[in-house]
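The values are calculated or read from the model by the stated rules, or taken from the named source; none is laboratory data. Predicted model, so just to flag it, every value in this text is computed and none were measured. Heads up, the Cβs are rebuilt from the backbone with ideal geometry, glycines too, and the neighbour counts pull from every protein chain shown.
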Amino acid sequence: MKKLLFVILNLILFVFQGQAQSFLLDPNAAGGFQLGTTFAANGWVEVNGTQVNKWTISTNPNGFNGNVAHISPNAGTTNSWDYAFTNTSVVDIYRDVTIPAGQTQVDLSFKWKSQGEEGLTTFNEALMVSVAPTTFTPTIALSAGFLPSPARTIAVLLNDSFGKVENIVIPQKLINKCSAASTF
């Protein structure tokens, strides 16, 4: 049975480098989920549906300061490094970001932590990071896997229960000088 891993995200930001750096998602504000306890308050959209395990924002997970986005079976009411692992859940959060013209490099950096199992031939539990044009909207999925085209998965992250900062350079061919949705 496929299960979605319990994952925590914090300090999400985009850093665009050219002549200078500019932050498009401030880790101390909406990018780090610090503007409120809902995704809407932080400019994010969650696609949870009726799944048992859902994305939520709370201060409960250990190892992070302030609000964090994480998957929980109980809306983050407990510091549960658990989830309803007998329930299949494929859920997304995303945010549209306008990439300024002329940018040659886009860096995505975020702190994450997960605990789950890895299948032999499939991702039973994984955090998949994707980019897509803003015309693409993630929908509720019944099975795990990559988002359909035109979304492009740029990272698949598994099993790091200690927490770490992930730095992903988004390939220039995907930047395309346009708006993009960053999907987790």
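Do we have Asn28 as more than 13 Å from the chain's Cα centre (by Cα), closer than 17 Å to Phe110 by Cα and surrounded by 16 or more Cβ atoms within 10 Å (Cβ to Cβ) here? When the stated conditions are applied, Asn28 does not pass them. Is region 115-126 home to any residue that is under 26 Å from Val68 (Cβ atoms), at pLDDT 85 or above and out of contact with any helix residue (DSSP H, G or I) (no Cβ under 8 Å at 6 or more places or on another chain)? No, because not a single residue in region 115-126 is under 26 Å from Val68 (Cβ atoms), at pLDDT 85 or above and out of contact with any helix residue (DSSP H, G or I) (no Cβ under 8 Å at 6 or more places or on another chain). Taking the criterion of being of a type outside the set (Val, Ile, Thr) and under 20 Å from Lys173 (Cα atoms), the residues of region 96-111 that qualify are Asp96, Pro100, Ala101, Gly102, Gln103, Gln105, Asp107, Leu108, Ser109. Beta carbons closer than 8 Å, at least 6 apart along the sequence or on distinct chains, pair a first residue in region 152-173 that is closer than 26 Å to Thr135 by Cβ with a second that is exposed (fewer than 12 other Cβ atoms within 10 Å of the Cβ) for Gln172/Thr104. Apart from one condition, Thr135 fits all of (1) more than 29 Å from Asn62 (Cα to Cα); (2) at pLDDT 85 or above; (3) touching a strand residue (DSSP E or B) at 6+ places or on another chain (Cβ under 8 Å); the exception is (3).
For region 51-63, the tally of residues that are modelled with pLDDT of 85 or more and within 18 Å of Thr137 (Cβ to Cβ) stands at 2.
Do you know which of the residues in region 142-184 that are of a type in the set (Gly, Ala, Ser) and closer than 29 Å to Phe64 by Cα is modelled with the highest pLDDT? Per the stated criteria, the residue is Ala155.
Sub-9 Å Cβ pairs linking a first residue in region 87-113 that is at positive phi to a second residue that is part of a loop (DSSP other than H, G, I, E, B) and modelled with pLDDT under 85, at least 6 apart or interchain, are Gly102/Gly18; Gly102/Lys177, ordered by first then second residue.
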